[in-house]
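Worksheet: one structure, shown below.
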């Protein structure tokens with residue numbers, strides 16, 4: 001299905017902020033197969049598998065990586081007793097393991113085709129549920145993996161990052177900007193870099209040091 005409703009950048013960011021679950025420190029398990037009873041072998045269970053819309057002048061495409069059923073408690077409500085979540089799920093007509101879809105995003109901008117997150121991939125995918133469908137649905141949407149020039153990973157959970165490499169360790173998106181490529185570029189250009197977990201204020205420069213890189217902090221200026 002292809003439609004072209006218009007969202008503002010502010011609106012899209014607001015939606016995204018509420019859609020990312022915080023799973024740090026919890027085991028992530030997917031159970032069951034919602035299509036097991038009525039799915040013909042080899043069929044595509046996700047319709048077209050992609051959905052296009054516009055963000056101003058940019059074209060965005062949501063790509064389905066699949067779905068599976070995830071126990072709601074304790075993964076999404078570790079700070080609540082099981083009895084509380086059971087009442088909440090019943091009130092909202094949900095089972096104990098609601099369906100959790102994986103939705104990836106491709107954005108076409110003037111200089112790049114950007115993919116946000118890469119799904120489970122074949123390396124560490126769950127043994128149940130319907131994963132991974134990223135590459136098939138990219139193909140259905142007319143987006144070859146070779147056309148992706150930048151990959152953004154929102155956070156390091158398996159369902160967001162594992163699809164970036166194949167079982168043999170090769171990059172799924174050979175033209176995508178990798179960390180090594182970015183480090184090489186900022187080192188060559190002497191670009192100022194900020195490190196998220198580096199000592200405050202985390203500013204410095206990357207320097208090529210043989211097969212690796214060396215971090216040079218910028219002196220604190222009072």
Please determine whether any residue of region 148-165 is surrounded by fewer than 16 Cβ atoms within 10 Å (Cβ to Cβ) and more than 16 Å from the chain's Cα centre (by Cα). no
Out of (1) assigned to a loop (DSSP other than H, G, I, E, B); (2) in contact (Cβ under 8 Å) with a residue 40 or more places away in the chain, what's the single condition that is false for residue 94? (2)
I'd like the full set of residues that are in a strand (DSSP E or B) and within 11 Å of residue 97 (Cβ to Cβ), limited to region 59-81. 68, 69
Lone unmet requirement of (1) more than 24 Å from residue 51 (Cα to Cα); (2) part of a loop (DSSP other than H, G, I, E, B); (3) in contact (Cβ under 8 Å) with a residue 24 or more places away in the chain; (4) out of contact with any helix residue (DSSP H, G or I) (no Cβ under 6 Å at 6 or more places or on another chain) for residue 155: (1)
Return the residue satisfying two criteria in turn: it lies in region 193-215 and is in contact with a strand residue (DSSP E or B) (Cβ under 9 Å, 6 or more places away or on another chain) and exposed (fewer than 11 other Cβ atoms within 10 Å of the Cβ), and of such residues it is farthest from residue 151 (Cα to Cα). 199
Scan region 78-99 and give yes if some residue there is crowded, with 19+ Cβ neighbours inside 10 Å and under 18 Å from the mean Cα position of the chain (by Cα), otherwise no. no
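Give 162, 187 a once-over and let me know the one that is assigned to a helix (DSSP H, G or I) and more than 16 Å from residue 121 (Cα to Cα).
Unique residue meeting the criteria: 187.
Right, residue 169: under 28 Å from the mean Cα position of the chain (by Cα), on the phi > 0 side of the Ramachandran plot, outside the structural domain of residue 110 (by TED's automatic domain parsing) and without any contact (Cβ under 8 Å) to a residue 24 or more places away in the chain or not?
So residue 169 fails the test.
The values are calculated or read from the model by the stated rules, or taken from the named source; none is laboratory data. Please read these numbers as outputs of a predicted model, since none were measured by experiment. Heads up, the Cβs are rebuilt from the backbone with ideal geometry, glycines too, and the neighbour counts pull from every protein chain shown.
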